[in-house]
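The values are calculated or read from the model by the stated rules, or taken from the named source; none is laboratory data. It should be emphasised that the depicted structure is a prediction, and the values quoted were computed from it without experimental measurement. All Cβ positions, even for glycine, are placed from backbone atoms using ideal geometry, and neighbour counts span all protein chains on display. Only protein heavy atoms, including side chains, enter the accessible area calculation; ligands, DNA and RNA are left aside. Shrake-Rupley method; radii C 1.70, N 1.55, O 1.52, S 1.80 Å.
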Amino acid sequence: MKHLTFLAVAILCFPACKQTADTDARADYPIQQVNLTQVELTDSFWLPRIQTIQKKTIQYAFGKCDSEGRFENFQTAARVMKGEKGKVRGFMPFDDTDVYKTIEGAAYSLISAPDPALEQYVDSIIAIVALGQEADGYLTTWRTINPTNPPADWVKPGERWTGLEMSHELYNSGHLFEAATAHYRATGKRNFLHIAIRNADLLVKVFGDTAKHEVPGHEIVETGLVKLYHATKNEDYLKLSRKFLDLRGNSARRQIRGPYSQDHLPVTEQDEVVGHAVRAVYLYAGMTDIAAIYADSAYRKAVHTLWENMVEKKMYLTGGLGARHAGEAFGDNYELPNLTAYSETCAAIGGVYWDERLFRLTGESRYYDVLERTLYNALIAGISLQGTEFFYPNPLEADGRYAFNQGKKTRQPWFDCSCCPTNLIRFIPYIPNLIYATQADTVYANLFISGNANIPVGQNTVRIVQETNYPWDGKVLFRVSMEKPQDLALRIRIPGWAVNEVSPGSPYTYSNEPAAPYTLLLNGRKVEGERKNGYMEISGQWTGNDRVELTLPMKVRFVKAIEQISADKDLTALEYGPLVYCAEETDNSRFDQIRLNPQASYAVERTPGLLNGISVIRTDAATFIPYYAWSNRGEGKMKVWFETNK
Ligand code: FUB
Ligand code: ZN
């Protein structure tokens, strides 16, 4: 490498944030994802998980969609449209979305592992979905089959678009758009996209411009419409997304519904995350899209305020979101019970989608710090190591009595409301999108996941081969090469946990001494300069074949919660790198007597034969495993937070 200087990261300079008129040229996120088509994983932590989804969970979920009547509902709807009578199968007004979400996961999986048989099967399912679409584009099978007899008794029967709070008609559309655009992106085929476009055109007719002024109960159509706008360049979809957001909570223009669905105040005036947690984070992701695309300062300010409220006052140490089973909802500030935590798997997934957007809007790594915390803890806890058992809530404590998981005390193979399993299916194969990002000639390395990436930078391609054993080991090697010399700023995220910060805003802090500082070497020489916005930058002209070595300080850390979080008062949790640890009864015969002794030694031991290969932490008092791996050995007690010996 020639002419390479180590620069502190400059303050990012984004286009001035002002509200633009609707006719102005559209902005976009200043930072773009490096598409998973450019990233081939070789990682020993993530690749097996994605393969499990591809090889087992997708087939399993399609099997469930078949046996539980999800496919049949589309066929029944087709027969009803021809004048026959039919009965809805299933339990939820959004059962159609399990089909869409499984197609979405399958589509992403086809990019990393082409599978003609799966692709053909997906096409056959898309053909079944098409059968259930009405002539004008409407697509919600229970209503087409029998609008007077919804599958759940909390849904209002009646005409289309009545009872939008619970009918999930627009939620169904949102997942349709998300899945169809993923399928189009993955395969280039328009069969699913065509169904989505017909449905979106109907929504534009019914809800656009001066038409009906209503909003969905459960958000997601907002981000789905934006994806469809990106895929088709049809601005009507973008405008409708914005209209749904502008109308929410706006009592001057419609009858508002209240905080459960974030419909209590105009979205730009909301400053506390409230209500149903999945609805909320999907809304905030949609608002972030609008902040970016319209360069809208009011939206931008709101999403930052909301995120800070969430992360500082309403997020579990695991990154889990949602304190209450009642209403599947965020609680009050600092209300974070452990045994009765809701922390729905879908909320963790939605949180990650939102965090990643905020990073692309700002270039700040704090969003990735939270994303990583959620990803390695609350989110992957949602699926068993086998890939066919799931958590809906993800508590931080189990007492062996409370049946927290929809009536069960351990993972379940499926649920009548199967939102979480199919959300994991659509999310996990999407992970390769999250590793790198670019802005002009800056490349961000955000996640430590082994693989080979070909990153377009200008007319050049920068190849980064990443090798690591993260999260078990803090060493990460990046081999950087390119076709021809290239000016490039490589920004490597230095996680908050590696500089003694548990999470932004400090609701949690470390109480023992940090390990040695992180180090960063370029071709064996220390990279000087400060961590700025959470990144170390190496910039200059690169000519190829350089080695960048990052060493993050791995050590067992004790965590304390801020005193306002009364559920964790006087308690301590353990972390190692990005992982939160827990103790399970099965490893600890004296489970109820576990106390953490800060003076004891905490040994980290690789145990390749245990729980698909983990590192355990052992002390004289207990054995601890990564939180994500709990409840893979049957029912039993579990804890994340422990009393401490003085
Ligand atoms: O309402 C659709 C999904 O079902 C929600 O996101 C989940 O919380 C579950 O209620
Ligand atoms: Zn869910």
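Numbers for the structure displayed
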| quantity | calculated |
| --- | --- |
| Scan of the stretch 341-386 for residues that are of a type in the set (A, V, I, L, M) and away from ligand 2 (no atom under 15 Å from the Cβ), ordered by number | Leu358, Leu361, Val370, Leu371, Leu375, Leu385 |
| Test for Glu584: is it acidic (Asp, Glu) and farther than 16 Å from Ala398 by Cβ | no |
| Any hit, the stretch 186-196, residues being more than 22 Å from Leu283 (Cα to Cα), free of Cβ contacts under 8 Å to residues at least 40 places away in the same chain and charged (D, E, K, R) | yes |
| Where a residue in the stretch 162-174 is under 15 Å from Gln262 (Cα atoms) and in contact (Cβ under 8 Å) with a residue 24 or more places away in the chain and its partner, wherever it lies, is of a type in the set (Lys, Arg) and more than 16 Å from ligand 2 (Cβ to nearest atom), with Cβ under 7 Å and at least six apart | Glu165/Arg257; Met166/Lys156 |
| Evaluation of Ser343 against (1) touching a residue at least 60 places away in the same chain (Cβ under 8 Å); (2) under 23 Å from Glu219 (Cα atoms) (one fails), failing number | (1) |
| Gly319 vs. criteria under 20 Å from Trp641 (Cα atoms), away from ligand 2 (no atom under 16 Å from the Cβ), of a type in the set (Gly, Ala, Ser) and not in a helix (DSSP H, G or I) | no |
| Glu178 vs. criteria of a type in the set (Asp, Glu) and either within 30 Å of Val274 (Cβ to Cβ) or open to solvent by 50 Å² or more (accessible area, probe 1.4 Å) (or both) | yes |
| Leading residue by the ranking (nearest to Ala381 (Cα to Cα)) among those in the stretch 405-430 that are over 21 Å from the mean Cα position of the chain (by Cα) and within 13 Å of ligand 1 (Cβ to nearest atom) | Gln406 |
| All positions within the stretch 490-520 that are open to solvent by 10 Å² or more (accessible area, probe 1.4 Å), over 16 Å from Ala445 (Cα atoms) and in a strand (DSSP E or B) | Thr509, Tyr510 |
| Number of the exception - Lys156 against (1) modelled with pLDDT under 95; (2) under 30 Å from Thr42 (Cβ atoms); (3) of a type in the set (Lys, Arg) | (2) |
| Glu328 vs. criteria open to solvent by 10 Å² or more (accessible area, probe 1.4 Å), within 16 Å of ligand 2 (Cβ to nearest atom) and of a type outside the set (Lys, Arg) | yes |
| Positions within the stretch 563-585 being open to solvent by 20 Å² or more (accessible area, probe 1.4 Å) and not in a loop (DSSP other than H, G, I, E, B), in sequence order | Ser566, Ala567, Leu571, Tyr576, Glu585 |
| Within the stretch 42-159, helices (runs of 4 or more DSSP H) holding 2 or more residues that are crowded, with 19+ Cβ neighbours inside 10 Å and among the charged types (D, E, K, R) | 70-81, 96-112 |
| Test: residue in the stretch 261-274 that is closer than 16 Å to Val215 by Cα, within 16 Å of ligand 2 (Cβ to nearest atom) and touching a helix residue (DSSP H, G or I) at 6+ places or on another chain (Cβ under 9 Å) | yes |
| Number of positions in the stretch 525-554 that are within 27 Å of the chain's Cα centre (by Cα) and not aromatic (Phe, Trp, Tyr) | 11 |
| Residue satisfying all of: in the stretch 257-275; within 21 Å of the chain's Cα centre (by Cα) and either assigned by TED's automatic domain parsing to the domain that holds Thr162 or open to solvent by less than 10 Å² (accessible area, probe 1.4 Å) (or both); nearest to ligand 1 (Cβ to nearest atom) among these | Ser261 |
| Leading residue by the ranking (surrounded by the fewest Cβ atoms within 10 Å (Cβ to Cβ)) among those in the stretch 213-236 that are assigned to a loop (DSSP other than H, G, I, E, B) and touching a residue at least 60 places away in the same chain (Cβ under 8 Å) | Gly217 |
| Options Thr232, Thr148; residue that is among the polar types (S, T, N, Q) and either farther than 30 Å from Ala113 by Cα or in the same structural domain as Leu110 (by TED's automatic domain parsing) (or both) | Thr148 |
| Where a residue in the stretch 509-535 is among the β-branched types (Val, Ile, Thr) and its partner, wherever it lies, is in a strand (DSSP E or B), with Cβ under 7 Å and at least six apart | Thr509/Lys560; Thr519/Lys526; Thr519/Thr551; Val527/Leu520; Val527/Leu521; Val527/Met536; Val527/Ile538 |
